[in-house]
Amino acid sequence: MTGATESPKYGTGLTGWAAHVGEVLSGLPAAYRRELGSNRRRAIVLTILAILAVTYPILNRFFLQGFSRNVFPLPLPDDTVVTFMMIFGIMAIGLNIVAGFAGLLDLGYVAFYALGAYTAAFLASPHFGSVSFVVLANVANGFPGIHLPFWIIVPLAVLVAGTFGALLGAPTLRLRGDYLAIVTLGFGEIVPVVFRNMADVTFNIGLGPISIVADHLNLTGGPLGINPIDAPFLPFLNIRFNASAGFAPVYLGMLLLVVGILVARNLERSRIGRAWMAIREDELAAEMMGVNTLRTKLLAFALGASFAGVAGSLQSSYLGATTSDFFQFSTSILVLIMVILGGIGNIWGVLLGAIALTYVDKTFLPYLGQQIQAIAPSFPNPAQFNFLFFGLTLVVMMRFRPEGFLPNRQRAAELTVHGLIAAEIARGEEVGVDNLGMAPPGQDEVAGDARAAETVDESEKE
Amino acid sequence: MDQVIQTVIIGLSNGLIFALVALGYTLVYGIIELINFAHGDLFMLGSMVALFLIATVFHLSAATPPILLIGEILLIIALTMVITAAINITIERIAYRPLRHAPKLAPLISAIGMSFVLQNVALLIAGPANKSIDNFLPTTNLLSAVGITSVSVTLQQVFVGMVTLPLLVALTWFVGKTRQGRAMRATAQDPDTAGLMGVDVNRTIALTFLIGGALAGAAGVVQILYNNVTVWNLGFRFGLNAFTSAVLGGIGNLSGAVVGALVLGQINAFSDRYLSANWTNAIVFGVLILVLVFKPTGILGQQLADRA
């Protein structure tokens with residue numbers, strides 16, 4: 001870890017990271033301007049999309065529901081579904097940092113979602129009824145339980161999820177890609193099991209003068225989970241962002257999502273973002289160029305996890321309840337499909353994937369189910385077989401369009417051409433002509449291989 | 001002490017079923033370095049097929065005469081193995097073969113998709129509830145014949161061994177001694193060189209999937225005869241147990257998979273008995289993570305060609 005090659009401005013270790021993340025955060029306004037100002041067409045499209053997004057909940061309430069019933073053939077998503085679009089959007093952008101930017105397959109992403117949800121559940125609910133700790137919350141002083149405002153819980157959830165991401169990543173990120181995937185999957189399964197089983201904890205830890213004793217402590221609420229959880233509350237306007245608040249939580253989700261987009265966008269364009277890309281393409285080469293690969297991957301892991309922490313704290317505060325059943329392997333995979341379907345590596349793509357899949361999962365399939373049940377009651381309800389479609393989606397996407405529908409250009413090249421060449425070279429094969437039919441000319445990274453291919457090409461022609 | 005011995009016996013039976021499934025993981029990983037995520041679900045499909053054959057086609061019950069019973073069970077095993085082998089080859093053809101030269105994580109993601117497809121196909125056909133049959137094998141304690149009553153070994157448990165061990169011997173012989181087995185080992189070592197030496201690589205990989213699928217089918221039958229129950233999402237947990245076994249023993253290593261499965265069977269049984277069944281899953285995953293982090297080559301060592 002030499003400061004000279006690694007990061008001239010900041011020290012290494014946690015403070016260095018903190019400084020770097022701080023810089024990214026302080027650059028948000030600039031990122032916002034850049035996002036709009038980079039080119040005119042993009043600015044117009046983004047502005048139109050933003051106006052649509054901002055006005056949609058209101059239009060939906062007063063106008064569109066009738067429209068969708070009478071004119072438009074498909075149902076429009078309601079406030080709950082749109083809120084979940086925001087929650088899954090945050091998750092997809094976070095997983096995209098891990099899987100898209102840094103190229104690490106995380107199959108246990110749901111663990112961090114759970115950690116975020118339970119952070120909110122612990123810190124804003126009457127669950128720990130034996131204490132009373134109310135700070136700035138919309139709860140009377142002396143009310144049992146710990147009650148912190150949502151605005152403090154979100155950064156704490158970021159911290160908790162990020163810390164666990166780093167803790168999981170530190171020993172495991174040396175592993176090969178598929179082993180890492182399985183390790184994260186294991187972690188994703190362990191975390192909900194722990195939350196489910198810690199309803200009756202008895203221990204007695206003695207540390208010199210301090211002794212921590214728990215006698216049948218209900219730590220996590222067991223299979224029932226924790227409820228009620230305080231809704232996010234905006235003091236002066238007196239808005240509670242819970243499920244009965246209509247479209248208010250949509251805007252809360254939108255706010256967090258926009259911050260998430262800007263952070264991710266800024267990270268992508270920062271020194272770290274370029275390091276991630278370098279690692280994704282060729283870890284060995286990146287290391288040779290002075291990238292501290294382990295630290296950079298760890299940062300991707302922790303930052304990606306913290307996005308899920310935010311999503312989790314929003315989800316449980318919004319629903320007012322959480323149980324370990326919410327956090328299953330299938331949720332990790334659902335987010336992964338959003339990322340792959342939309343376009344791995346491209347923030348706007350994965351956002352589209354999150355919105356589209358949440359719509360299909362929570363609005364379209366139930367609607368289709370209702371329609372089918374009305375005609376043929378014995379026919380299976382497609383809403384119960386959502387993962388049949390999602391599983392097929394994964395298989396089909398991998399086969400025909402691994403780069404997704406709104407691909408990141410660089411990532412697409414890696415997945416089709418670079419990937420092919422890398423695979424061939426790793427296998428010690430000569431680079432075949434047929435495989436290189438799609439090689440874009442003039443790209444530095446493939447130039448050497450392309451020359452090799454041309455040689456083969458010519459020799460075969462002769 | 002009797003309780004410990006009893007737990008060991010239960011663990012042994014668990015382990016032998018794990019072994020059949022773990023071999024499927026290790027064979028496939030050894031040859032194309034793919035974690036065949038759908039393999040556990042193939043085992044589940046095998047158990048569904050076996051349940052259907054036993055309950056609906058052959059109507060096996062405690063009243064069936066023993067000779068007929070044995071013959072029909074053998075027939076059911078054979079049929080189930082053929083069916084799951086066919087399914088596995090089809091999956092390889094559709095979902096993995098086209099991705100053979102894609103980046104390494106692409107087939108893994110495809111396999112995860114396939115796993116969900118298989119689960120939901122079973123859910124669609126068999127419904128969400130547990131499917132079970134009445135036990136029709138005698139449950140008397142075989143050890144009472146020699147005067148031991150404190151520890152019991154049932155016919156079902158003996159049966160697990162009677163199905164599993166011959167298959168393990170047959171597989172070892174096949175991979176170690178036959179021409180096809182040599183082709184498999186050659187392909188695992190280096191598919192391109194094997195191809196140049198006249199091995200039909202595609203066919204050999206398909207053969208590997210066929211064998212893995214057949215073993216998963218046999219494990220499915222054993223699951224029904226031993227535990228009498230199956231459910232659409234059985235394969236996920238079971239598959240991860242089996243995969244952990246394969247990793248524990250050293251992935252790519254056939255005897256490693258069996259050793260790993262036996263160890264993991266004991267871990268499962270002891271955790272179920274002395275800790276809590278609620279924690280068993282977490283413990284298995286903990287073992288998996290620890291092995292991958294600290295000794296990724298497993299107990300007996302990996303037998304993989306060193307391909308980055």
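The values are calculated or read from the model by the stated rules, or taken from the named source; none is laboratory data. Predicted, not measured: the structure shown is a model, and the values here were computed from it. Ideal geometry is used to build each Cβ from the backbone, glycine not excepted, and the neighbour counts take in all protein chains shown.
General remarks:
Per-residue answers, yes or no, for (1) farther than 26 Å from A:Gly312 by Cα; (2) away from chain B (no Cβ under 12 Å); (3) modelled with pLDDT under 90:
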| site | (1), (2), (3) |
| --- | --- |
| A:Thr323 | no, yes, no |
| A:Ser332 | no, no, no |
| A:Ile337 | no, no, no |
| A:Val350 | no, yes, no |
| A:Leu365 | no, yes, no |
| A:Val396 | yes, no, no |
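- Qualifying residue in region A:129-150 (condition: within 14 Å of chain B (Cβ to nearest Cβ), surrounded by 15 or more Cβ atoms within 10 Å (Cβ to Cβ) and in contact (Cβ under 8 Å) with a residue 24 or more places away in the chain): no
- Filter result for B:Ile76 (over 23 Å from B:Val160 (Cβ atoms) and either modelled with pLDDT of 90 or more or touching a Leu at 6+ places or on another chain (Cβ under 9 Å) (or both)): no
- Figure legend. Inter-residue proximity from region A:221-248: first residues in the same structural domain as A:Ser324 (by TED's automatic domain parsing) and farther than 19 Å from A:Asn138 by Cα, second residues surrounded by fewer than 17 Cβ atoms within 10 Å (Cβ to Cβ) and acidic (Asp, Glu), beta-carbon distance below 6 Å, spacing 6+ or different chains. No pairs are indicated.
- Any hit, region B:101-111, residues being facing chain A (nearest Cβ under 7 Å), touching a residue at least 24 places away in the same chain (Cβ under 8 Å) and outside any helix (DSSP H, G or I): yes
- B:Thr187 β-branched (Val, Ile, Thr), more than 30 Å from A:Phe329 (Cα to Cα) and part of a helix (DSSP H, G or I): yes
- Among residues of region A:30-55 that are in the same structural domain as A:Trp348 (by TED's automatic domain parsing), those with a Cβ under 9 angstrom from a residue that is modelled with pLDDT under 70, sequence gap 6+ or separate chain, pair up as A:Arg42/A:Glu35; A:Arg42/A:Leu36; A:Ala43/A:Glu35; A:Ala43/A:Leu36; A:Ala43/A:Gly37; A:Leu46/A:Glu35; A:Leu46/A:Leu36; A:Thr47/A:Leu36.
- Strands (runs of 3 or more DSSP E) wholly inside region A:140-258 containing at least 2 residues that are among the acidic types (Asp, Glu): none
- Among the residues of region A:79-107, the ones that are outside any helix (DSSP H, G or I) and buried (at least 24 other Cβ atoms within 10 Å of the Cβ) come to 4 in all.
- B:Val169 within 14 Å of another protein chain (Cβ to nearest Cβ), out of contact with any Phe, Trp or Tyr (no Cβ under 8 Å at 6 or more places or on another chain) and at pLDDT 90 or above: no
- Within region B:173-200, the set of residues being at pLDDT 90 or above, surrounded by 15 or more Cβ atoms within 10 Å (Cβ to Cβ) and over 24 Å from the mean Cα position of the chain (by Cα) comprises B:Ala194, B:Gly195, B:Val199.
- Residues in region B:110-127 that are among the small types (Gly, Ala, Ser) and buried (at least 18 other Cβ atoms within 10 Å of the Cβ): B:Ser110, B:Ala111, B:Gly113, B:Ser115, B:Ala122, B:Ala126.
- B:Ile211 being in a helix (DSSP H, G or I), more than 14 Å from chain A (Cβ to nearest Cβ) and under 20 Å from B:Phe159 (Cβ atoms): no
- For A:Ala311, the requirement of being within 11 Å of the chain's Cα centre (by Cα) and crowded, with 24+ Cβ neighbours inside 10 Å is met.
- The one condition from (1) crowded, with 18+ Cβ neighbours inside 10 Å; (2) in a helix (DSSP H, G or I) that B:Ala170 does not meet is (1).
- Residue satisfying condition, being within 30 Å of A:Arg33 (Cα to Cα) and assigned by TED's automatic domain parsing to the domain that holds A:Gly320, within set A:Leu252, A:Leu175: A:Leu252
- Test result for B:Val231, more than 23 Å from B:Val4 (Cα to Cα), more than 12 Å from chain A (Cβ to nearest Cβ) and among the β-branched types (Val, Ile, Thr): yes
- Annotation: B:Trp232 fulfils all but one of (1) surrounded by 24 or more Cβ atoms within 10 Å (Cβ to Cβ); (2) under 22 Å from B:Leu292 (Cα atoms); (3) of a type in the set (Phe, Trp, Tyr); the unmet one is (2).
Per-residue answers, yes or no, for (1) of a type outside the set (Asp, Glu); (2) buried (at least 20 other Cβ atoms within 10 Å of the Cβ); (3) more than 23 Å from A:Arg196 (Cβ to Cβ):
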site	(1), (2), (3)
A:Phe326	yes, no, no
A:Asn346	yes, yes, yes
A:Gly353	yes, yes, yes
A:Gln373	yes, no, yes
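- Residue that is farthest from A:Leu167 (Cα to Cα), among those in region A:184-243 that are under 30 Å from the mean Cα position of the chain (by Cα) and of a type in the set (Gly, Ala, Ser): A:Ala243
- Residues satisfying the stated conditions in region B:112-137, i.e. in a helix (DSSP H, G or I) and either facing chain A (nearest Cβ under 9 Å) or touching a Ser or Thr at 6+ places or on another chain (Cβ under 6 Å) (or both): B:Ile112, B:Gly113, B:Met114, B:Ser115, B:Phe116, B:Val117, B:Leu118, B:Gln119, B:Asn120, B:Val121, B:Leu123, B:Leu124
- Candidates are the residues of region B:69-100 that are facing another protein chain (nearest Cβ under 7 Å) and crowded, with 20+ Cβ neighbours inside 10 Å; the one that is farthest from B:Ala214 (Cα to Cα) is B:Leu99.
- Restricting attention to region A:398-411, the residues being without any contact (Cβ under 8 Å) to a residue 60 or more places away in the chain and either surrounded by 15 or more Cβ atoms within 10 Å (Cβ to Cβ) or within 26 Å of B:Asn36 (Cα to Cα) (or both) number 4.
- Qualifying positions in region A:75-98 - aliphatic (A, V, I, L, M) and either in contact with a Pro (Cβ under 7 Å, 6 or more places away or on another chain) or closer than 28 Å to A:Arg196 by Cα (or both): A:Val81, A:Val82, A:Met85, A:Met86, A:Ile87, A:Ile90, A:Met91, A:Ala92, A:Ile93, A:Leu95, A:Val98
- Residue match in region A:293-300 (condition: of a type in the set (D, E, K, R), away from chain B (no Cβ under 14 Å), crowded, with 24+ Cβ neighbours inside 10 Å and assigned to a helix (DSSP H, G or I)): yes
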